[in-house]
Amino acid sequence: MTYIPPIVKACTLATLVLSQVACADKYTDAPESILLNNADSKYDHWNGVGKIFHNEEIPFCTATLLDTRDTENGATGPAYVLTAGHCVLKMHGAKSDVPFEQSIKFNYFTDTSDSSKFYSIHKANWTSMASTDVAILELTDSLETLINDGINPLRIASEAPSTPGKVNIVHAPQRDKLHLSSCTQEPADVPVIKLSVFMDYLKQDCKGIGPGSSGAPSLDATTGEIIGVLSGTTQGFSADDLCFWFGLCLDNKTQSFLPDEAVQSPVVNYFSACFSNGYFNTGTSTCTLKPNFDFTSETRIDMNKSSLKTVLKPGPHETPPAWDIKFSMSTPFYRFKTVRDAKACYLPDHYSGTLSTKDAVINAPIGNEAGLYFLCLLGVESAEQRPSVGLIRNTQIIPARIAAPNFIKPPDPTPIINLSENNEKYALIQWRAKEMLNMWTWAYIGAVGTTDCDTIPRKDYFRVGDAMYIQKDKLPLMLCSYTEDREFDTSDVHTFVVTLPAGA
């Protein structure tokens, strides 16, 4: 998507001499989210926004019934819904025809429970976490059936917005019913690091977005068409955390007038060309989703890779930062490169030659300076395959950060051992009251008498959040743990023997 600075579009030539803030004054602060009542059918046009359930019991994401009718308003083919990709698979890459047997409830208003019912979801026709966060799901019922049941589908816009504007997000947070959040949105041209690295997305200043809102439609306030699908939010994070964890730093500011503390919604306009005669078909000449290459990582992918001190002066158990990623692809070959700007992944130059995906592993060095790096991956069928729109769209982008150490030791771990009789099988080991964003614990558990915590290589430790359980019938055990912060500064190793009290 070509980005046109908002100031150029939103202001007349006569006002270009004014500040951007003055020009943007017409975009007022967003109002609070409101709970929607629909007993009077006032919001019937949004009754196709529903809630996905697991086993018809546990709600988890919002989704929207899609209007795939032809120009003559004929409803043929199955019903499809649009949601966020992480609601289906929290995995890197783009995949097609993924089994996904869940259910969805429409007419999901707070005062219409008696008239809402479940519909079965058959599969995910397409789910992608490759530079986006979107999924198309197929229901077992036809679109005609749902329309006859009074459910109103919404149409995907054929073009993505290129200027700021007003948007409505209809969503169902947590275990609540449908809410309306109205606000301002603008196209973003700075990549943001989320579950994947978003490249083509909208950001909005809507309020009331929370867990469960994922997958909700971003609706053009004028046309009512779907222009994006809600993925998440960076609201509530400090400027320091926005830069460190999300790559939204002051040094990459453009003429954006919305803050980085915003809601992110990947654009979805390209899906409109993938429906033919009421059916989702990635093989049509106009659909740009293919070719995809079903990337699957076989190792945990952590954004924070290593400290700069492992480059300058590696310790006895430390190695310079490398990607160290094992993966598989559906294609026989792949190409890769490392870049500092994620946008460069979409440029065809500097990719490696074709490499076999059999037992694929990338151990290439990341870099020798502190900061963000991006690994770009393309799956190809042959050495001769050239980049296409679909191939570039599905580029797998993996972020990594080499942190600059502060050389300040974080506090030593202080585990609290809970051997409560309320849990007969497990003992709770807790390091802190809740999980922290910028500090965590690494632990190692071994046999008492043969485990020397000071000689255990750090690579043999495992990372824990705020707590963990161990089986009581395995006690006594030696617990080794140390604290690490986001710059990879570490505390001394804490040693503790976990044992049952006498007579237990």
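We did not get these values from a lab; they are worked out from the coordinates using the rules stated. Since we're looking at a predicted model, the values are computed, not measured. In this analysis, Cβ positions are derived from the backbone assuming ideal geometry, glycine residues included, and neighbour counts consider all displayed protein chains.
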Relative contact order computed over region 34-280 (Cα-Cα under 8 Å; 6+ residues apart), in percent: 22
Give me the extension gain from GLU32 to ASN73: residue separation times 0.36 nm, minus the current Cα-Cα distance, reported in nm with one decimal. 11.1 nm
In a solvent-free Debye calculation with one equal scatterer on each Cα, what is log10 I(q)/I(0) for region 75-168 at q = 0.11, 0.18, 0.19, 0.25 Å⁻¹, listed in the order of the q values? -0.39, -0.96, -1.03, -1.25
Output the relative contact order of the chain, whole-number percent, from Cα pairs under 8 angstrom with separation of 6+ residues. 12
Need one number: nm distance between label points at THR296 and GLU369, each 7 Å from Cα along Cα→Cβ, rounded to one decimal. 3.8
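With r as the distance between the Cβ atoms of GLN471 and ASP97 and R0 = 51 Å, compute the FRET efficiency 1/(1 + (r/R0)^6) and round to 0.05.
Numbers: r = 40 Å, r/R0 = 0.78.
Result of the calculation: an efficiency of 0.80.
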Extension gain from ASP341 to THR450, taking 0.36 nm per residue of separation minus the Cα-Cα distance: 34.5 nm
Starting from a Cα-only point model with no solvent, please compute log10 I(q)/I(0) by Debye for region 415-498 at q = 0.17 1/Å. -0.69
Given a Förster distance of 30 Å, report the FRET efficiency between GLU424 and ALA322 from their Cβ-Cβ distance, rounded to the nearest 0.05. 0.10
How do 37-45, 94-102 rank on mean C-beta neighbours within 10 Å, highest first? 94-102, 37-45
Could you give me the ³J(HN,Hα) list for region 326-336, computed from phi with Karplus coefficients 6.51, -1.76, 1.60 and θ = phi - 60°, whole Hz, x at Gly and Pro? 9, 7, 10, 9, 7, 9, x, 9, 8, 10, 8
Place the peptides 440-446, 220-226 in order of packing, highest mean first, counting for every residue the other Cβ atoms within 10 Å and averaging per peptide. 440-446, 220-226
log₁₀ I(q)/I(0) of the chain at q = 0.05, 0.09, 0.10, 0.11 Å⁻¹, via Debye over equal Cα point scatterers, no solvent, to two decimals? -0.23, -0.74, -0.90, -1.06
Rounded to one decimal in nm, the spacing of the 7 Å Cα→Cβ label points at THR110 and GLU381 is 5.4
Longer than 29 Å from Cα to Cα, which of LYS95/LYS194; LYS105/LYS326; LYS51/LYS194; LYS90/LYS207 are they? Say none if no pair is. LYS105/LYS326
What residue among ALA221, SER116, ILE417 has its Cα farthest toward the positive end of the dipole of the chain, where the charges are +1 on Lys, Arg and -1 on Asp, Glu, each on the Cβ? ILE417
Sorted on mean Cβ neighbours within 10 Å (highest first), peptides 183-194, 465-476, 163-174 come out as 183-194, 163-174, 465-476
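What FRET efficiency, computed as 1/(1 + (r/R0)^6) with R0 = 30 Å and r the Cβ-Cβ distance, is obtained for LYS42 and THR163, rounded to the nearest 0.05?
0.55
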Calculated from DSSP H runs of 4 or more alone, at -39500 (n - 2.57) each and per residue, what is the 222 nm mean residue ellipticity of the chain, nearest 500? -1500 deg cm²/dmol
Taking Rh as the Kirkwood radius computed over alpha-carbon pairs of region 34-280 and applying Stokes-Einstein at 20 °C with viscosity 1.002 mPa s, one gets a diffusion coefficient in µm² s⁻¹ of 119
Within region 351-400, which GluC sites (Glu not before Pro) sit in a loop by DSSP and count at most 11 neighbouring Cβ atoms inside 10 Å? GLU369, GLU384
